[in-house]
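The values are calculated or read from the model by the stated rules, or taken from the named source; none is laboratory data. Just so we're clear, the structure is a prediction, and the values are computed from it rather than from any experiment. We place every Cβ from the backbone using ideal geometry, glycine too, and count neighbours over all the protein chains shown. When the accessible area is computed, the model is the full protein with side chains, heavy atoms only, and any ligands, DNA or RNA have been set aside. Shrake-Rupley method; radii C 1.70, N 1.55, O 1.52, S 1.80 Å.
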Amino acid sequence: MVEDLDGHALPRRPVVPLVESVHDRCSLEIFRGCTRGCRFCQAGMVYRPVREREEENLFRWGLEMVRNTGCDELSLSALSSADHSRILELSDRLARELEKERVAVSLPSLRTDTFSVELAARLRRVKRTGLTLAPEVASPRLRRSINKELSDEDLLEAVSAAYREGWRKIKLYFMIGLPGESEEDVECIGDLVRRIMRQADGGAPARDLRLSVSVSTFVPKPHTPFQWCRQMSLPEVARRHFALKEALRVRGVTLRWHEREMSYLEGVLSRGDRRLAPAVAAAAREGCFDGWSEHFSWERWERAINSQGLDAAWYVERERELSEVLPWDHLHAGVDKGFLREEYLKAKRGETTGDCRRSGCLRCGACGEASPPVGQAGVDTG
Ligand code: SF4
């Protein structure tokens, strides 16, 4: 683990492609790790602990990057950019300096709260960027289960703040198929979205607001507290999608979902074992790797998996026993398996776990024997 990110300077002369790229901007990694503890999130577990780069270095490196590349946007990247302890000062300084050169400063990942929205609003002077918020779920019970600290009121206030600041198009990310989710939990998404449309203009209906609701399917990932959970079958996900379609027939709201067969394949590969290797080779022979999502064919993948005597549902839809030896147990990503197990059991009981930057060290194992790095304010090292 790189303990001191400041000691490892970022490349300040990144390669600039000759053609326009998808993410056509400079990316300045302001810190690594996240200790909010969302139980489905692999990045939040494997990139622990939080290690911040210092404001002075970031300011200097950000300016250098922009001047060396000619990019017209500088993105302050992190798993949750607004969580950097000096984000206000850093973003204000960079925005003031770069505004003169018509270069925008943006935040790619925002928390769902008023602070983050107001922060994004301060950075909109040069370029009107879109706004994406990720409430993930809409029912209080599921929020406790995934360990996401958020209430309907927080989300409503964040959307109202965005509306007040001039945003008229907002994207909301939700996830379906989470452990313990019921059909009522999915209906809650419809209720919440309708409530937002009714109240986003300071408690009154926001008639010109356009909400784009984007829905992904939960895929359990190794090295997370949900690594033992089952993933929903294709018919179960289809039922959820159609229920959402009905629940979100609301003027001004559009619904998009991630292709369920693609998520199912992701589920097979995410928690696969070495026996899958010949199946992947067979899939390549079947022509499954052409790189065009419109030509994606789950049937061809399934044929390839079956041709090796394997069953996709065994990998995807099966809840693992806590005693089962998992294919990735010999790999250590930092966080101890015992901590993941505790978090899994707490999710089942509907209990939450605090953020160690505020509530003190939870002994997840990511810091090893070392002291928690700088930036972990409030950490009790015992
Ligand atoms: S070891 Fe403690 S301080 Fe370090 S990331 Fe884990 S809970 Fe946080």
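The figures follow:
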{"read-out": "Any hit, region 327-336, residues being within 16 Å of the ligand (Cβ to nearest atom) and either assigned by TED's automatic domain parsing to the domain that holds GLY177 or among the charged types (D, E, K, R) (or both)", "value": "yes"}
{"read-out": "Residue in region 253-261 that is assigned to a helix (DSSP H, G or I) and in contact with a helix residue (DSSP H, G or I) (Cβ under 6 Å, 6 or more places away or on another chain) present", "value": "yes"}
{"read-out": "Residues that are among the β-branched types (Val, Ile, Thr), crowded, with 20+ Cβ neighbours inside 10 Å and in a helix (DSSP H, G or I), drawn from region 79-115", "value": "ILE87"}
{"read-out": "Test result for ALA377, open to solvent by less than 60 Å² (accessible area, probe 1.4 Å), modelled with pLDDT under 95 and more than 10 Å from the ligand (Cβ to nearest atom)", "value": "no"}
{"read-out": "Hits in region 119-134 - residues which are surrounded by fewer than 16 Cβ atoms within 10 Å (Cβ to Cβ) and assigned to a helix (DSSP H, G or I)", "value": "ARG122"}
{"read-out": "Selection count, region 328-343, where residues are surrounded by 15 or more Cβ atoms within 10 Å (Cβ to Cβ) and over 16 Å from VAL46 (Cβ atoms)", "value": "1"}
{"read-out": "Search result, residues across region 29-78 that are open to solvent by 30 Å² or more (accessible area, probe 1.4 Å), assigned to a loop (DSSP other than H, G, I, E, B) and not aromatic (Phe, Trp, Tyr)", "value": "ARG36, CYS41, GLU54, GLY70, ASP72"}
{"read-out": "Test: residue in region 57-73 that is of a type in the set (A, V, I, L, M, F, W, C), touching a residue at least 12 places away in the same chain (Cβ under 8 Å) and either closer than 30 Å to GLY177 by Cα or in contact with a Gly (Cβ under 7 Å, 6 or more places away or on another chain) (or both)", "value": "no"}
{"read-out": "Matching entry among PRO220, PRO235, PRO205 (being of a type outside the set (S, T, N, Q) and within 30 Å of ASP336 (Cβ to Cβ))", "value": "PRO220"}
{"read-out": "Members of region 3-28 that are loosely packed, with under 13 Cβ neighbours inside 10 Å and either touching a Leu at 6+ places or on another chain (Cβ under 8 Å) or of a type in the set (Gly, Ala, Ser) (or both)", "value": "GLY7, ALA9, SER21"}
{"read-out": "Selection within region 135-154 - among the hydrophobic types (A, V, I, L, M, F, W, C) and either part of a loop (DSSP other than H, G, I, E, B) or surrounded by fewer than 21 Cβ atoms within 10 Å (Cβ to Cβ) (or both)", "value": "VAL137, ALA138, LEU150"}
{"read-out": "GLY180 vs. criteria surrounded by fewer than 19 Cβ atoms within 10 Å (Cβ to Cβ), closer than 30 Å to SER323 by Cα and touching a residue at least 24 places away in the same chain (Cβ under 8 Å)", "value": "yes"}
{"read-out": "Test: residue in region 237-249 that is farther than 29 Å from ILE170 by Cα, part of a helix (DSSP H, G or I), open to solvent by 80 Å² or more (accessible area, probe 1.4 Å) and of a type in the set (Lys, Arg)", "value": "no"}
{"read-out": "Options VAL193, VAL215, VAL219, VAL159; residue that is more than 30 Å from LEU345 (Cα to Cα) and free of Cβ contacts under 8 Å to residues at least 60 places away in the same chain", "value": "VAL159"}
{"read-out": "Only one of ASP336, ASP311, ASP329 that is in contact with a helix residue (DSSP H, G or I) (Cβ under 9 Å, 6 or more places away or on another chain) and closer than 28 Å to ARG144 by Cα", "value": "ASP329"}
{"read-out": "Test: TYR173 is crowded, with 19+ Cβ neighbours inside 10 Å, among the hydroxyl-bearing types (Ser, Thr, Tyr) and out of contact with any helix residue (DSSP H, G or I) (no Cβ under 9 Å at 6 or more places or on another chain)", "value": "no"}
{"read-out": "Residue within region 225-234 that is in a helix (DSSP H, G or I) and closer than 20 Å to GLU184 by Cα present", "value": "yes"}
{"read-out": "Residues being small (Gly, Ala, Ser), in a helix (DSSP H, G or I) and loosely packed, with under 13 Cβ neighbours inside 10 Å - total across region 267-298", "value": "4"}
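Every residue, every condition in (1) in a loop (DSSP other than H, G, I, E, B); (2) surrounded by 11 or more Cβ atoms within 10 Å (Cβ to Cβ), yes or no:
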residue: LEU265; (1), (2): no, yes
residue: ARG300; (1), (2): no, yes
residue: ALA304; (1), (2): no, yes
residue: GLY309; (1), (2): yes, no
residue: TRP314; (1), (2): no, no
residue: SER323; (1), (2): yes, no
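The rows are residues; the columns are (1) under 27 Å from LYS127 (Cα atoms); (2) within 22 Å of the chain's Cα centre (by Cα).
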position: SER151; (1), (2): no, yes
position: SER160; (1), (2): yes, no
position: TYR173; (1), (2): yes, yes
position: ASP185; (1), (2): no, yes
position: ARG207; (1), (2): yes, no
position: PRO222; (1), (2): no, yes
